[in-house]
Amino acid sequence: ARGDIERAMQFTDSVLKYIKPENEAAFWSMRANIFCRNNMLDSCAANYRHAIELDPDMNIIYNHLGRVYKEMGEKDKAIEYLREFIQREPDSELRPQIRVLLRELTR
């Protein structure tokens, strides 16, 4: 499995030069998803952070980062990103789930 992930990352690296600038954040988010699915949470978080640097308005990533940091046991960062998501997306259908996560994190 580790070799498969390494090959996937090599492939995404080779594809990056063909990605249009307006699609780069989504590309890095996709890379993050690959790391997350393989429980490589540090790499997952790093790729999500890079996506936010490229497009701070890609709001769903704040939710993803909050959940990743929760899994990593980094409560303060998890709370920060989840609150940021709610602030940016006050009408999101994810709001009830995130409120539950925030209650768990602030106990």
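Can you tell me the accessible area per residue over the chain, all protein chains present, probe 1.4 angstrom, in square angstrom? Provide the component values of the computation, followed by the final result.
Working: 6740 Å² over 107 residues.
Averaged over the residues of the chain, the accessible area is 63 Å².
Relative to the first principal axis of the alpha-carbon coordinates of the chain, what is the inclination of helix 75-88, with its axis defined by its Cα atoms, in degrees from 0 to 90 and to the nearest 10?
For 75-88 against the chain, the angle is about 90 degrees.
Match the structure shown to one of the listed values (1) -0.50, -0.72; (2) -0.36, -0.58; (3) -0.43, -0.64 of log10 I(q)/I(0) by the Debye sum over Cα atoms at q = 0.12, 0.15 Å⁻¹, computed from it, and give that label.
(3)
Quick one: angle between helix 2-16 and the longest Cα principal axis of the chain, in degrees between 0 and 90, rounded to 10, please.
That works out to roughly 80 degrees.
Relative to the longest principal Cα axis of the chain, at what angle does helix 95-105 sit, 0 to 90 degrees, rounded to 10?
The helix 95-105 is inclined about 80 degrees to the chain.
What part of the accessible area of the chain, given as a whole %, is carbon or sulfur when the probe is 1.4 angstrom?
Working: 3190 of 6740 Å².
Carbon and sulfur atoms account for 47 percent of the accessible area of the chain.
Which of Ile19, Asn39, Ile5 sits farthest toward the positive end of the charge dipole of the chain, with +1 on the Cβ of Lys and Arg and -1 on the Cβ of Asp and Glu?
The listed residue farthest towards the positive side: Asn39.
The values are calculated or read from the model by the stated rules, or taken from the named source; none is laboratory data. Since we're looking at a predicted model, the values are computed, not measured. Please note: Cβ atoms are built from the backbone with ideal geometry, for glycine as well, and neighbour counts cover all protein chains shown. Areas reflect the complete protein model, heavy atoms only, side chains present, ligands, DNA and RNA absent. Shrake-Rupley method; radii C 1.70, N 1.55, O 1.52, S 1.80 Å.
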